Amino acid sequence: MTIAVRATPRGGRDALLAGTDEHFLARLSAAPVDGAANEALVALIARHFGVPRRAVTLIAGQRARTKRLTIAGDAATLANIAASLYGAAP
């Protein structure tokens, strides 16, 4: 599964939120220094989707606010978790 996330570094505590039709929103406590915010985003996505960190790969947007990530796993389960952010029934 591939998702887009708009990240806000130094945004308080880590949280993944519903965003727009194009992307999720992520607030990260880490600063955007030496890849710390990207690492925090990968950890947040892995924790939220219930997959190991190695199953999440940042594929685009290493230096941009909007990032694209792939998540390896059962597509139906991942889609249900993603839909739950928006309050949609699984």
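The residues of the stretch 65-74 that are open to solvent by 50 Å² or more (accessible area, probe 1.4 Å) and modelled with pLDDT of 95 or more, listed by number, are 66, 68, 72. Filtering the stretch 33-51 to residues that are of a type in the set (A, V, I, L, M), out of contact with any Pro (no Cβ under 7 Å at 6 or more places or on another chain) and crowded, with 18+ Cβ neighbours inside 10 Å leaves 40, 41, 42, 44, 45, 51. Candidates in the stretch 46-64 are the residues that are over 12 Å from the mean Cα position of the chain (by Cα) and basic (Lys, Arg); of these, the one that is nearest to residue 5 (Cα to Cα) is 63.
Of the strands (runs of 3 or more DSSP E) contained entirely in the stretch 14-66, those carrying at least 3 residues that are within 17 Å of residue 78 (Cβ to Cβ) fall at 56-60.
The C-beta contact set for the stretch 57-83 (first residue of a type in the set (D, E, K, R), second residue not in a strand (DSSP E or B), distance under 8 angstrom, 6+ apart or interchain) comprises 67/38; 67/41; 67/61; 68/61. Scanning the stretch 69-88 for residues that are farther than 14 Å from residue 56 by Cβ and part of a helix (DSSP H, G or I) turns up 75, 76, 77, 79, 80, 83, 84, 85.
Filtering the stretch 20-32 to residues that are open to solvent by 30 Å² or more (accessible area, probe 1.4 Å) and within 11 Å of the chain's Cα centre (by Cα) leaves 23, 25, 27.
Checking each residue in the stretch 52-62 for being at pLDDT 95 or above and open to solvent by less than 30 Å² (accessible area, probe 1.4 Å) picks out 55, 56.
The values are calculated or read from the model by the stated rules, or taken from the named source; none is laboratory data. Since we're looking at a predicted model, the values are computed, not measured. Heads up, the Cβs are rebuilt from the backbone with ideal geometry, glycines too, and the neighbour counts pull from every protein chain shown. Areas reflect the complete protein model, heavy atoms only, side chains present, ligands, DNA and RNA absent. Shrake-Rupley method; radii C 1.70, N 1.55, O 1.52, S 1.80 Å.
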